[in-house]
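Here is the structure we will look at.
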Amino acid sequence: MNLDQLRTPHPLHDADFAAIRARVKAEIAQREERGWVVLLLRFAFAAGLVVGVVPFTRERVPEVPVQVAVSSREPIGQIGPIGPIGPPIRPIRPIRPIRPIRPTPAPTQLTRIEILTEDPTIRIIWLTPKENNS
Amino acid sequence: MTAEAVVIDESTRHDDSLHLTIRAAQAGDAAAFEELMVLTQQRVAQIAWAILGDREDVKDAVQETFLRLYRFLGRYDAKRDFSGWLARITVNVCRDALRRRKRVFEPLADLESPEPRADEDLIHRNDLALLRRAVDALPPKERLAVILREVEGLPTDEVATALGSTVTTVRVQISRARAKLRAWMEKHS
C-alpha cells in the first residue's frame, strides 16, 4: 500500500499567493489600527476615571476634625465591648476616676559646660541644673 | 565537492537566510514578514491541500495561517524547528476548518457510516480513489498523522511537533492507521 500516490500538488498559483499576502497585510494593518483605537479608548477611560471619579469620592467623604479633650471631671461610665447580637448586655461598670493632672514644675535653668578635647571634632557637653546659690 | 555536500550547503544557507528573516520579522520589519510568507507559502499550501482538499478552503487556510504566524511570531523560540512550528499552526487552522465544515455541510449519515453509496460504484473501481476514501474514513488524529507522514513525507519528528504529540505516538498512530486501511481496502475492493 503506497500512500504517497495520494500526494497531489496544491492548485494555488502565484497570483493566488499574491492576493493572499495582500489580504494578510491589509488585515494586519486594520488590526493594528483597531489596536491603537482600543488603546486610546482605554487611556481616555482611565483618564476620565481619574478626572471625574476621584474628586467626586473626595467630596463624598468629608474630613472630620479630631478633637481631644482632657477632663478631670468624674467619669460618667464606660461603654462595654460590643458583643454578638443576642446575649444580654452586661451592666456598665463605673471606671476609676481619672487622677487630676499634677501641675508641672517650672522648668529649671540648665548650666552648659563644654569640654574641648584634642580632637577638634569631639566635644563633651555637660548639662546640669543651675544651682540657686550659684 | 560531492553532490551531497552541495545539497547540505544549500540547505544550511537557506536555514541561515530563513532565521535572519524570522529575526527581522520578529523585530517588526514588514518587508521581512512578507519575505517569510513568500518563503513558506508553498509548504503551508501543500499541507492545507493534503488535509482539506478544497481550493477555496486552502486559500482561506493559508491566509489564516499567516495571520496567526504574525500574531505568534514574537513567541517563536529560534532554538525550535521553525518548519514544525509552522506546520503545527497550519494543522490547527485546518482542524478548525474541518470542524466548521462538518458542522455546516456534512450530513450525520455520512459521519456515522463510511460505507460507499451506490452512485459511487464507478469511483470504487479506481484503487486510488478507494484509498483516498479509506484515509478520509480514519479517525481524525490517525488521518492527520498518515497524511503528513505517509502522503506528504514530512519527517516523523516534524509530524509530532505539528500534531502536538510525541514521535512514539505518531508511529503508533500510523501503524494502527495502516492496519485499518488494509482491512478497509480488503473489505471494499
For this session: Return a yes/no flag: does the stretch B:5-21 have any residue that is modelled with pLDDT under 90, of a type outside the set (Phe, Trp, Tyr) and not in a helix (DSSP H, G or I).
Result: no
Exercise. Counting only residues that are more than 8 Å from the chain's Cα centre (by Cα) and surrounded by fewer than 22 Cβ atoms within 10 Å (Cβ to Cβ), which one in the stretch B:41-56 is nearest to residue A:25 (Cα to Cα)?
Worked result: B:41
For this session: Show the residue pairs that are 6+ apart or on different chains and have beta-carbon atoms under 7 Å apart, the first residue being within the stretch B:122-139 and outside any helix (DSSP H, G or I), the second being modelled with pLDDT under 65 and exposed (fewer than 14 other Cβ atoms within 10 Å of the Cβ).
Result: B:137/B:114
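Looking at B:186, B:106 in this structure, which one is modelled with pLDDT under 95, assigned to a loop (DSSP other than H, G, I, E, B) and surrounded by fewer than 19 Cβ atoms within 10 Å (Cβ to Cβ)? Full working, then the answer.
Values: B:186 fails: assigned to a loop (DSSP other than H, G, I, E, B).
Going through B:186, B:106 in turn, just one is modelled with pLDDT under 95, assigned to a loop (DSSP other than H, G, I, E, B) and surrounded by fewer than 19 Cβ atoms within 10 Å (Cβ to Cβ): B:106.
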Exercise. Quick one: is residue B:85 more than 24 Å from residue B:135 (Cα to Cα) and part of a helix (DSSP H, G or I)?
Worked result: yes
For this session: Determine the pairs where a residue that is on the phi > 0 side of the Ramachandran plot, located within the stretch B:151-168, has a partner that is at pLDDT below 90 and part of a helix (DSSP H, G or I) with Cβ atoms under 7 Å apart, the partner being 6 or more residues away or on another chain.
Result: B:153/A:4
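Being more than 16 Å from the chain's Cα centre (by Cα) and within 14 Å of chain A (Cβ to nearest Cβ) is the filter here; which residues of the stretch B:69-89 pass it? Write out each step before concluding.
At the first step, the residues of the stretch B:69-89 found to be more than 16 Å from the chain's Cα centre (by Cα) are B:70-80.
Across the stretch B:69-89, the qualifying residues are B:70, B:71, B:72, B:73, B:74.
The values are calculated or read from the model by the stated rules, or taken from the named source; none is laboratory data. Keep in mind the model is a prediction, meaning the values are calculated, not measured. Here Cβ is always computed from backbone atoms with ideal geometry, including for glycine, and neighbour counts include all displayed protein chains.
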